[in-house]
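Scroll down for the structure; my scribbles are underneath it.
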Amino acid sequence: KDDCYVGRIREDDSAENCLNLWVCGDQLRKGAALNAIQIGELLVKNHLVPA
């Protein structure tokens, strides 16, 4: 399993409906685009951002 770790999730006051977050993972094993999509899906699923 190609895990990615997300931390320091904060609301971004510079724009509406934005977050700042720190992400760490092995981009050679798991592509950056797939990683971004999966993180976005989890944020929506857990109601951390509007759908």
### Message
Please go through (1) modelled with pLDDT of 80 or more; (2) over 13 Å from the mean Cα position of the chain (by Cα) for GLY40 and return the number of the only condition it doesn't satisfy.
### Response
(2)
### Task
From the list LEU28, LEU48, pick out the single residue that is surrounded by 10 or more Cβ atoms within 10 Å (Cβ to Cβ), assigned to a loop (DSSP other than H, G, I, E, B), among the hydrophobic types (A, V, I, L, M, F, W, C) and over 9 Å from the mean Cα position of the chain (by Cα).
LEU48
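The values are calculated or read from the model by the stated rules, or taken from the named source; none is laboratory data. What you are looking at is a predicted structure, and each value in this text was computed from that prediction instead of being measured. For neighbour counting, all protein chains shown are included, and Cβ atoms are generated from backbone atoms with ideal geometry for every residue, glycine included.
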